[in-house]
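Data block below; observations after.
The values are calculated or read from the model by the stated rules, or taken from the named source; none is laboratory data. Fair warning: this is a prediction, and the values are worked out from it, not measured in the lab. Quick reminder, even Gly has a Cβ in these numbers, built from the backbone with ideal geometry, and neighbours come from all protein chains shown.
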Amino acid sequence: MPKTSKTSQKSIAELEQITGRKLTIGLFLLTIRECEEISQKDFAEKLGISRQYLCDIEHDRRSISLEKAAIFSKKTGYSEDQMLRLALQDLLDKAGLSYDVEIKRAA
């Protein structure tokens, strides 16, 4: 099983080119919300968090735990692998650690 599918890598690259910035969990959630045309208030309710917390995540002022990433994946229907990868990458980046995260499910 590939660590990241070519389609996923291509989608990430396209999203980064459109937005002009590196894909983060915040940008990913913002993109989901805007594509689904949901208000911050309604999306926050869907995720089970406050609107302010969602705003902070979307603007990369707050990180989310890996547990929250898995929950958000279930609540939105988007890839758990992608949510976990982005959440973990954000934690590493904010800690100033130069690692690139790839997700591979255990056999």
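When Ile49 is tested against (1) over 22 Å from Ser11 (Cα atoms); (2) touching a residue at least 24 places away in the same chain (Cβ under 8 Å), only condition (2) is not met. How many residues are polar (S, T, N, Q), in a loop (DSSP other than H, G, I, E, B) and within 10 Å of the chain's Cα centre (by Cα) when one looks only at region 64-107? Looking only at that region, the number is 1. Test Tyr99 against the criterion of being free of Cβ contacts under 8 Å to residues at least 12 places away in the same chain and not aliphatic (A, V, I, L, M), and give yes or no. Yes; evaluated as a whole, the condition is true for this residue. Looking only at residues in region 56-83 that are touching a Leu at 6+ places or on another chain (Cβ under 7 Å) and within 18 Å of Glu16 (Cα to Cα), which one is surrounded by the most Cβ atoms within 10 Å (Cβ to Cβ)? Only one residue fits best here, namely Ile57. Output the qualifying pairs, or none if there are none: Cβ atoms under 6 angstrom, residues six or more apart or on different chains, first residue in region 25-39 and among the charged types (D, E, K, R), second residue not in a loop (DSSP other than H, G, I, E, B). Listed pairs, sorted by first residue: Arg33/Phe43. Could you tell me which residue of region 16-59 is nearest to Leu88 (Cα to Cα), considering only residues that are of a type in the set (S, T, N, Q) and under 14 Å from the mean Cα position of the chain (by Cα)? The residue in question is Thr24.
At pLDDT 95 or above, exposed (fewer than 12 other Cβ atoms within 10 Å of the Cβ) and under 22 Å from Lys104 (Cβ atoms), is that true of Glu37? Judged against the criteria, Glu37 is not a match.
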